[in-house]
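To keep things clear, I will list the structure first and then write my remarks on it.
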Amino acid sequence: SLFDLVVAPGHDTLRGPNVIVTAGALHRVTPEKIASDMTAFPHLAQLPYPRAAVLIGGASKTHRMTVKNAQTLAQQLKSARASLMVTASRRTGEENARILRDALQGENTFFWDGEGPNPYFAMLGYADYIIVTEDSVSMASEAVSTGKPVYIVKLDGGSGKFDRFHAHLRAIGCTRIFDGHLEKWSYTPPDDMARVTAEIRRGLGL
């Protein structure tokens with residue numbers, strides 16, 4: 001009631017006449033940003049098709065990435081029959097990152113080590129598929145904005161909010177659970193940022 005406009009993702013269940021409900025998190029991924037960053041990482045274009053971007057989070061307030069999770073994911077990725085562009089985070093944990101790095105060695109795998117410019121946006125551009133751990137609303141929201149097939153990797157833990165978020169993305173055809181197999185499908189990607197900024201501009205009389 002203290003604000004003219006509130007923007008909240010659907011899984012937060014906040015509703016009201018001045019609330020814009022989004023599919024996920026607002027973000028800065030755009031076709032222009034992706035295209036610009038792709039030119040900075042031309043070596044990723046040398047990876048054979050199909051290519052999968054693998055975005056790995058890890059420990060959070062709601063999720064845990066265990067050694068078993070890392071081992072299972074490594075085996076599933078090896079069976080996916082795709083070139084891999086992998087980025088982990090500090091939340092992944094050193095042991096889990098080592099398991100993945102050791103298992104996924106090969107000329108058709110790019111594993112970003114955290115040094116130098118971040119290839120994240122370029123990976124989204126070069127990918128035919130995107131594989132994301134379930135612990136991050138932001139990563140999943142950014143991935144589905146590309147319109148590419150997005151697979152979600154299950155971890156230990158969870159919460160009602162995350163369950164609602166992922167259930168919604170599956171319901172509107174954006175994501176599927178990753179089990180080591182990759183298939184193509186299409187959907188209309190959420191465009192929350194455009195809808196929110198248009199409403200803000202309208203409210204400001206711009």
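The values are calculated or read from the model by the stated rules, or taken from the named source; none is laboratory data. Being a predicted model, the structure only gives us computed values, none of them experimental. As a convention, Cβ positions derive from the backbone with ideal geometry for all residues, glycine included, and neighbour counts pool all protein chains shown. We work out accessible area using only protein heavy atoms, side chains counted, and drop any ligands, DNA or RNA first. Shrake-Rupley method; radii C 1.70, N 1.55, O 1.52, S 1.80 Å.
Quick look at the values:
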quantity	calculated
For region 3-102: relative contact order, % (alpha-carbon pairs under 8 angstrom, 6 or more apart)	25
Surface share of carbon and sulfur [accessible, 1.4 angstrom probe, percent] for the chain	52
GluC sites (Glu not before Pro), loop per DSSP, at most 12 other Cβ atoms within 10 Å - longest free stretch of the chain	1-106
Where Rh is the Kirkwood radius over Cα pairs, Rg/Rh for region 94-139	0.95
Where only C-alpha atoms are counted, convex hull volume of the chain per residue in Å³	135
Shape category assigned to region 135-190 from the gyration tensor of Cα positions, a/c cut at 1.5	oblate
Label-point separation in nm, S60 to D128, each point 7 Å along Cα→Cβ	2.9
Rounded Å value of the spacing that divides the Cα centres of region 64-99 and region 44-58	13
Accessible-area value, K184, 1.4 Å probe, nucleic acids and ligands omitted, Å²	130
Per residue value of the accessible surface for region 30-172 (all protein chains in place, 1.4 Å probe), Å²	47
Heavy atoms of H43 accessible to a 1.4 Å probe, total area in Å² rounded to 10	100
Stretchable slack from V67 to E183, in nm (0.36 nm times residue separation minus alpha-carbon distance)	39.1 nm
Relative contact order for the chain, counting Cα pairs under 8 Å that sit 6 or more residues apart, in percent	25
